Amino acid sequence: MMDMRKKHPGAAKVAPYCYIAPITLILVTFVIGSVIGSIILSFTKYNIMTEPIFQGSKNYVKLMSDIKFIKALKNTLGLVVLIVPLQTVLGVVISVFLVANRHRFLGKLANSVVFIPVICAPAVAGVVWRELLNGKIEIVEKFFGLFGIQPSMLLGNARTALITVGMVAIWKWMGYYVVIYTSGLLAIPDTYYEAAKVDGAGKVRCFLSITVPLLRPTIILGIFLSMASSLQCFDLIFNLTGGGPNNASTTLVVYAYSKCFGSGDAGYAMAISNILFVVILAVALLQRDMMKRKTSEVS
Amino acid sequence: MKKKLLSMLLITAMSVTFTAGCGGSGNDTAKTEDGAASGSGSSESGEKVLDVWVPPLDDDTVNNWGGLMGDWEEENGCKVNITVVPWDKYEETYTTALNSGEGPDVGYMYNEMFPTYIDAGAVTDMSGYVTDEDKAGYKYLANGFMMDGQYGWPLVTGVPFVLYYNEEILADLDESAPETWEDFERICKAATKDTDGDGEIDQFGYACGMSTSDVGAMQILNAYYYSALWQNGGQIYEDDLKKVAFADEAGTEAVTWLKDMTQYMNPDFMSLSWSDAFATVFGEGKAAFGVYRSSQTDGTVFAETYPDVKWDFVTSLKNKGFGTFGATDCLTLMSAAEDQDLAMDFIKYVTGAAFMEQYHAKCPGAALTNSEPYVGDEKMEKIYTDDLDKWHGLQVGPCGVDILTQLSADFQGIMSGELSVKDGLKEAEDYANDLLAEYWADKE
Amino acid sequence: MRTDMRYVKKGLGSILSGLVLIGIIIASIFPFLYMFLMSFKSTINAHDLDFSLESSSLMQYQKIFALDDFGRYIFNSVFVAVAGVILTVGVCSLAGYAFAKMDFKGNDKIFLFLIMTMLVPTEVIVIPLFLITKGLGWLNTYRALILPLPTAFGVFIMRQAILDVPEDLVDAARIDGCGDLRIFFKVILPLIRSSVLALSIFTFVGAWNNFLWPLVASTKTEMKTLPLALSMMKTQFNTDVGLTMACAVINFLPPFVFYVFVQGRFKEGMTLSGMK
């Protein structure tokens, strides 16, 4: 039995493909299939209800001079630039802090409840935050007052609307990143820290010369995930600002969506989403290194 | 060897079971449902079925509205199958269902929705079914006439956005109900002040909310923009629908005036939605004026909701003329309906006086026909009598959603001070005219 | 003297970090507390924060539970979410196992390819996805709701966890004559339990909160999930904050209960790391 592998090399070679077949089949059918579908449809005039009519690259030509599209593209990138660094830094800092306090009751509690915002639907999070910010609630007004901010002004200002959406998104997904970074942190052997302590290294020193380098693969993963989620931000925007004021918080997803269903111009919407795919692909290829097996190992 | 094979078989079996397992149970439901859902075809028992899609008309539509269908069902030997389509993602549901042929026989649409569906041939022109009797009986039938056809049959209407005022604030200022733009402006100016002497303004002239979060981009136009535009004699489209007219002199003047009013609004007016602004600013007695979608029961509801506010309302101010927006939501005869006559009979039945009287007894609403009596608070009755001509629906034109969405965005930009009135309207106008030029070029 | 100072310093630090922890806790739950309290409001003007008993009411909840077929919607949601979790854990852990512990041609490339699919936003592919599902004849079936649930993220987590399983253990099992699948079930799965649980939570939450896809994929009332059913209560000009919040609470509770249930099985809070 033991040397079966040598006797029947064919079976051993086929097995791994069988294992990855189900998920590959699902993703290829639904996701890749849809992307291909959207590429095809982007060359048509399509209102969803009647058959698509081929019209060449007209949609893409139109995109080039569409002011709303340019604005949405800028907002999309702006949201990524806003969310990704903050989410990553805050995520790591909070995780380190929670891991350090993991044996205290409050630490355990905090570690559990920080995941609660992840559980709730993004649309619900949007509605609740809109009510909190606009509801004239004394506690909330006082808290924001500490920073000289009037909460009910935030969502209506073209300059702060997108930033506010970004902040709520960071709040919403923090628990997710805490889980990811905590796993990475727990995988760092305690002996490293003990050795550093013997050498007289302080906490900050330990963080910078042990935690950060060893956590690097996890951080890269975190950056990748937070880019993916910030590019896809939809329900939050929809419920916080509706894309306003004056499209100041309209992203490509929001714009494509409203074109597709609001105006019944699905072909054009597909052209918008294809541009989004290109942006996403470019972003992803920039981080290709993290995909390599060796660098992405947690421990 | 055997083990290898076995393991591989297991994997395949596993994935198949997953697929089949989920599929099987799905199929069962689909099958039991087939009969009821195959449009106006017949179910197993040979009984006809009419599929009707409506949004939530009240908080229990299926029982309140659907519960009154019994007589019609019996008379026609046809079962009415009501599906409530949520307002969230409303168009999504219609377009995808029409694509897969799962759409209803009778649908329900609001004005701005129509052009897309008319162009796609999804809704039928009901002109041929309109009798003289209908013309005389139905009050708002004209509102369902758009793009050269009777595509809509009004079902819910008569709840225009009207201007509420706080009687106490006005009395303090020795003012009475405003009639003109000048009255309005004067009162707004006087009302915007610090009442408790802490140096902060805490009472405003006009409670407004111009955020488009979740209520959709059109709502701020419905609540604030159309009234100013129409009262100043402007309109959205030119009469031939080939160009837009909202950026002409009248339109510019109207927006300039509204922009001027922002100094008397609650400072966070860009963050709130129109309904939140009414509830949290006007409803708390902190503003002289507020705009809200009226209802026959406002007298009762407001007494409970805003017990401390003494209020009254004017349907419309007057500048060059009167005007404020009252939505008309219509039932539609879908082209996919197999038995068009039957579907039409149903539409007339549920909009008829006898049916509506019963329904409005449960869930108050405006009368659709001349013979249906007014039910509701006395205070609100003038909307349907003296003021009937002061409010109306929207001019329906091609590319409506795109044009109005862009206009709404530019309107926000103007109100927040990001754009000048001229630049904002110009941007919306150019955008709209480009779309219209393309639309009419395609038609030729 | 110096040791005293150190104790004081340590005590202060402990108090300070305690405060920060409390801050994190408040930030995480305050919005939900607010949501919960608002759901007992009965009038459309729910903004006065008066939470005395007489101004609260269960009216909103009564309205929700009075929905026809409420049980059916709950069943649909739970069934879809649970089946989604089983399917996701099944297919993702198998694939993760192959990617982590087996050498085969194209291992890294296929993995990278799958990971890329994670970046595609659902909202923009919903129409092509609908057309594909229609083409397969799966509209109005559970299949359409469940099968698109697994994501490449699941494969990623599983691969990561299985990479941490020491090679020695796998080799030892192989020497004992175990086949690949046996190793997978007997050795690997028990060791990556916490990652499996974490993935279950992610999937359950994702499936439960799906709104757009179930809406588009199922027109029949019988196939509607709970979030869809709740949204049917919202009339056009709804300003009833209380009802909105009550719906939000009802929609939030099941995944929350699932989380609390699974959370109890983690020793040190939820992590993805199988080994610690």
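On the given criteria, is B:GLY233 outside any helix (DSSP H, G or I), surrounded by fewer than 24 Cβ atoms within 10 Å (Cβ to Cβ) and within 14 Å of chain A (Cβ to nearest Cβ)? It is false that B:GLY233 is outside any helix (DSSP H, G or I), surrounded by fewer than 24 Cβ atoms within 10 Å (Cβ to Cβ) and within 14 Å of chain A (Cβ to nearest Cβ). Identification of helices (runs of 4 or more DSSP H) wholly contained in segment B:307-415 with 3 or more residues that are of a type in the set (A, V, I, L, M, F, W, C) and under 30 Å from B:LYS259 (Cα atoms) yields B:400-415. Scanning segment A:99-113 for any residue that is in contact (Cβ under 8 Å) with a residue 12 or more places away in the chain, of a type in the set (A, V, I, L, M, F, W, C) and more than 14 Å from chain B (Cβ to nearest Cβ) turns up at least one such residue. C:ILE201 fulfils the conditions (1) closer than 30 Å to C:GLY264 by Cα; (2) touching a Gly at 6+ places or on another chain (Cβ under 9 Å); (3) crowded, with 20+ Cβ neighbours inside 10 Å except for a single criterion, (2).
For segment B:108-151, name all the residues that are within 13 Å of chain A (Cβ to nearest Cβ) and either more than 23 Å from B:GLY326 (Cβ to Cβ) or not in a helix (DSSP H, G or I) (or both). Selection gives B:MET109, B:TYR110, B:ASP119, B:ALA120, B:GLY121, B:ALA122, B:VAL123. If only residues of segment B:58-107 that are in contact with a Lys or Arg (Cβ under 9 Å, 6 or more places away or on another chain) and part of a helix (DSSP H, G or I) are counted, the one that is farthest from the other protein chains (Cβ to nearest Cβ) is B:ASN76. The set of residues in segment B:320-335 that are within 14 Å of chain C (Cβ to nearest Cβ) and hydroxyl-bearing (Ser, Thr, Tyr) contains only B:THR328.
Residues checked against (1) surrounded by 16 or more Cβ atoms within 10 Å (Cβ to Cβ); (2) more than 7 Å from every other protein chain (Cβ to nearest Cβ); (3) assigned to a loop (DSSP other than H, G, I, E, B):
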{"site": "A:THR24", "(1), (2), (3)": "yes, no, no"}
{"site": "A:VAL31", "(1), (2), (3)": "yes, no, no"}
{"site": "A:VAL35", "(1), (2), (3)": "yes, no, no"}
{"site": "A:ASN47", "(1), (2), (3)": "yes, no, yes"}
{"site": "A:GLU51", "(1), (2), (3)": "no, yes, yes"}
{"site": "A:GLY56", "(1), (2), (3)": "no, yes, yes"}
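The lone criterion from (1) assigned to a helix (DSSP H, G or I); (2) within 7 Å of another protein chain (Cβ to nearest Cβ); (3) modelled with pLDDT under 90 left unmet by A:GLY244 is number (1).
Just for segment A:259-279: of the residues that are without any contact (Cβ under 8 Å) to a residue 60 or more places away in the chain and surrounded by fewer than 24 Cβ atoms within 10 Å (Cβ to Cβ), which one is farthest from the other protein chains (Cβ to nearest Cβ)? Applying the filter and picking the extreme gives A:VAL278.
Candidates in segment C:233-263 are the residues that are at the interface with chain B (Cβ under 9 Å from one of its Cβ atoms) and without any contact (Cβ under 8 Å) to a residue 24 or more places away in the chain; of these, the one that is nearest to C:ASN209 (Cα to Cα) is C:LYS234.
Look at segment B:335-350: where a residue is free of Cβ contacts under 8 Å to residues at least 40 places away in the same chain and in the same structural domain as B:GLY144 (by TED's automatic domain parsing), no partner that is hydrophobic (A, V, I, L, M, F, W, C) and buried (at least 17 other Cβ atoms within 10 Å of the Cβ) sits 6+ places away or on another chain with Cβ atoms under 8 Å.
For segment B:177-191, which residues satisfy the criterion of being of a type outside the set (D, E, K, R), under 20 Å from B:THR324 (Cβ atoms) and out of contact with any Phe, Trp or Tyr (no Cβ under 6 Å at 6 or more places or on another chain)? Answer for segment B:177-191, where residues must be of a type outside the set (D, E, K, R), under 20 Å from B:THR324 (Cβ atoms) and out of contact with any Phe, Trp or Tyr (no Cβ under 6 Å at 6 or more places or on another chain): B:ALA177, B:THR180, B:TRP181, B:PHE184, B:ILE187. The set of residues in segment A:16-59 being over 27 Å from C:ILE110 (Cβ atoms) and among the aromatic types (Phe, Trp, Tyr) consists of A:PHE43, A:TYR46, A:PHE54.
The values are calculated or read from the model by the stated rules, or taken from the named source; none is laboratory data. As the structure is a computational prediction, the values presented were derived from the model and not from experiment. A quick note on method: Cβ atoms are made from the backbone with ideal geometry, for glycine too, and the neighbour counts reach across all protein chains shown.
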